[in-house]
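Peer 1: Before I ask anything, here is the structure I am working with.
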Amino acid sequence: MEISGKIKTKEKLAELRPGLIQQGKVVVFTNGCFDIIHRGHVEYLDKASRLGDVLIVGLNSDESTRRLKGKGRPLVPQEDRAYVLASLAMVDYVSIFDEDTPLELIKLVKPNVLVKGGDYKPDEIVGREFVEQQGGKVLTIPLVPEKSSTEIINKLTHLLEKEKFGS
């Protein structure tokens, strides 16, 4: 499938879901900002994809990311983040959402498995109750140590300050 064909609106994903159910596909859903995609993200998405047949990634829009992460974020625009995610072999579909949480998208996708990183406790995961009521599972995947966008940004900031002030 062409990369841009993997990027779907919420409505298009909702239209695809009945066919996936009919085919008996296990749908896995995860979400995040995925600003500055790095090895930790790729390992996480690979593990998530192995939990089912179809991996759908909900991507926070620029506005949603800004509200969550603060001024100056995201560093990478939503269209670019979506394209990079869609280019990964283990990702089947990407959908950008504007809300602060992916709950609306989760209700449309009706995943069999909802996954988040190990920095979340199961009872903190948005959509957990809905997925479990539908008979699905909610799981966490351990984070890759020392691999995060925040760590990369902090390292870059430190290097730029060092260069600027000559220390």
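The values are calculated or read from the model by the stated rules, or taken from the named source; none is laboratory data. None of these values were measured; they are calculated from a predicted model. Cβ placement follows ideal geometry from the backbone for every residue including glycine, while neighbour counts extend to all protein chains displayed.
Peer 1: Which of the residues spanning the stretch 61-77 are among the charged types (D, E, K, R) and over 10 Å from ASP35 (Cβ atoms)?
Peer 2: GLU63, ARG66, ARG67, LYS71
Peer 1: Would you mind finding the one in VAL115, VAL84 that is of a type in the set (Val, Ile, Thr) and touching a strand residue (DSSP E or B) at 6+ places or on another chain (Cβ under 7 Å)?
Peer 2: VAL115
Peer 1: On to the next question. Do we have any residue at all in the stretch 14-34 that's within 15 Å of TYR83 (Cβ to Cβ), β-branched (Val, Ile, Thr) and not in a loop (DSSP other than H, G, I, E, B)?
Peer 2: The answer is no, given that none of the residues of the stretch 14-34 is within 15 Å of TYR83 (Cβ to Cβ), β-branched (Val, Ile, Thr) and not in a loop (DSSP other than H, G, I, E, B).
Peer 1: When both residues are 6+ apart or on different chains and their Cβ atoms are under 7 Å apart, which pairs have a first residue that lies in the stretch 97-116 and is of a type in the set (Ser, Thr, Tyr), and a second that is assigned to a loop (DSSP other than H, G, I, E, B)?
Peer 2: Qualifying pairs under 7 Å: THR101/VAL126.
Peer 1: Sticking with this one: Take the conditions at pLDDT 95 or above, more than 26 Å from GLU129 (Cα to Cα) and either among the hydrophobic types (A, V, I, L, M, F, W, C) or touching a Gly at 6+ places or on another chain (Cβ under 8 Å) (or both) and apply them to VAL94. Does it pass?
Peer 2: no
Peer 1: While we're looking at this one, here's another question. Quick one: LEU75 ticks every box in (1) surrounded by fewer than 22 Cβ atoms within 10 Å (Cβ to Cβ); (2) hydrophobic (A, V, I, L, M, F, W, C); (3) out of contact with any helix residue (DSSP H, G or I) (no Cβ under 6 Å at 6 or more places or on another chain); (4) closer than 23 Å to LYS12 by Cβ except a single one, so which number is it?
Peer 2: (4)
Peer 1: How about the stretch 1-50: which of its residues are in contact with a Ser or Thr (Cβ under 7 Å, 6 or more places away or on another chain) and of a type in the set (Gly, Ala, Ser)?
Peer 2: Across the stretch 1-50, the qualifying residues are GLY40, ALA48.
Peer 1: Determine which member of the set LYS25, LYS69 is surrounded by 15 or more Cβ atoms within 10 Å (Cβ to Cβ) and touching a Cys at 6+ places or on another chain (Cβ under 7 Å). Outline the logic, then answer.
Peer 2: Numbers: LYS25 fails: touching a Cys at 6+ places or on another chain (Cβ under 7 Å).
Answer to the check: LYS69.
Peer 1: Another question about this same structure. Please go through the stretch 101-126 and pick out each residue that is part of a loop (DSSP other than H, G, I, E, B) and modelled with pLDDT of 95 or more.
Peer 2: Passing the criteria: THR101, PRO102, LYS110, PRO111, ASN112, ILE125, VAL126.
Peer 1: Can you find even one residue in the stretch 64-76 that is at pLDDT 95 or above and over 23 Å from LEU156 (Cα atoms)?
Peer 2: Yes, the stretch 64-76 contains at least one residue that is at pLDDT 95 or above and over 23 Å from LEU156 (Cα atoms).
Peer 1: How about the stretch 44-100: which of its residues are β-branched (Val, Ile, Thr) and in a helix (DSSP H, G or I)? Write out each step before concluding.
Peer 2: If we filter the stretch 44-100 for residues that are β-branched (Val, Ile, Thr), which is where we start, we get 54, 56-57, 65, 76, 84, 91, 94, 96.
Those that are β-branched (Val, Ile, Thr) and in a helix (DSSP H, G or I): THR65, VAL84.
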